[in-house]
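> The structure under discussion is supplied below as structure tokens; questions concerning it will follow.
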Amino acid sequence: MITKGDTLDILHRNAKDIEGLLELYRNGIGVIQHFAVEKKIEFDGYFLKKWEIEAEHPVSFNEEYFENENRSELFVFLAAEADIEIYECLEYLYNFTHAESLSKHLLYKKIYELREQGVRF
């Protein structure tokens, strides 16, 4: 099982290897999403339950559903709201790739904005 330390180590190594901050952020969201899935965190059946449904009924969801960047970002933000270790990993990534520092207030704002854009699970 992946741990918070493993996740932060991967994020740190990626920071050295990837030149673009946007690419680093997107890759980091994927790493943190994997950590959250390993911790069995899910919202409205996303990620674990819907992945199981997809395995049983391959036409239920397409690849884009699971790889949608906005959906992944919302998942990670919600996981960060629910779990301190996920929050600390997101905080490390966000503070490295953005001009402003992540705070609980900013996290809630980002969740609200994604939901207002229509991002759903």
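Every read-out reported here was derived from the displayed coordinates using simple, explicitly stated rules and does not represent laboratory data. Bear in mind the structure is a predicted one, so any value in this text is a computation, not a measurement. With ideal geometry, Cβ positions are generated from the backbone for all residues, glycine too; neighbour counts draw on all protein chains shown.
> Let's test the formula: R0 of 22 Å, r as the Cβ-Cβ distance of residue 104 and residue 13. What FRET efficiency results, to the nearest 0.05? Mind showing how you got there, number by number?
Values: r = 27 Å, r/R0 = 1.25.
Once rounded, the FRET efficiency stands at 0.20.
> Something else now. Going by average Cβ neighbours within 10 Å, how do the peptides 1-10, 90-99 rank, with the highest at the top?
Peptide ranking by packing, descending: 90-99, 1-10.
> Gain in length, residue 21 to residue 6, computed as 0.36 nm per residue apart minus the alpha-carbon separation, to one decimal in nm?
Details: separation 15, 0.36 × 15 = 5.40 nm, distance 2.06 nm.
The span from residue 21 to residue 6 would gain 3.3 nm if fully extended.
> Can you order the peptides 100-106, 81-87, 30-36 by their average number of other Cβ atoms within 10 Å per residue, highest first?
Working: 100-106: 11.4, 81-87: 16.3, 30-36: 22.0.
Taking the mean over residues of other Cβ atoms within 10 Å, the ranking is 30-36, 81-87, 100-106.
> In addition: What are the ³J(HN,Hα) couplings of segment 84-101, residue after residue, when phi is run through the Karplus curve with 6.51, -1.76, 1.60 and θ = phi - 60°? Round to Hz, x for glycine and proline.
In residue order, the calculated couplings are 5, 5, 5, 4, 5, 5, 5, 4, 4, 5, 4, 5, 6, 9, 10, 6, 9, 7 Hz.
> Next question, about the same structure. Could you list which residues have their amide H under 5 Å from that of residue 102, counting only those 5 or more apart in sequence or on another chain, with H placed in the peptide plane?
Sorted by chain and number, the residues that satisfy this are 95.
> Please give me the summed charge of the neighbours of residue 82: other residues whose Cβ is under 14 Å from its Cβ, Lys and Arg +1, Asp and Glu -1.
Once positives and negatives cancel, what remains is -3.
> What ³J(HN,Hα) values, in whole Hz, does the Karplus curve 6.51 cos²θ - 1.76 cosθ + 1.60 give for segment 69-83 when θ = phi - 60°, with x put for Gly and Pro?
4, 5, 5, 5, 5, 4, 4, 5, 4, 5, 5, 5, 5, 8, 9
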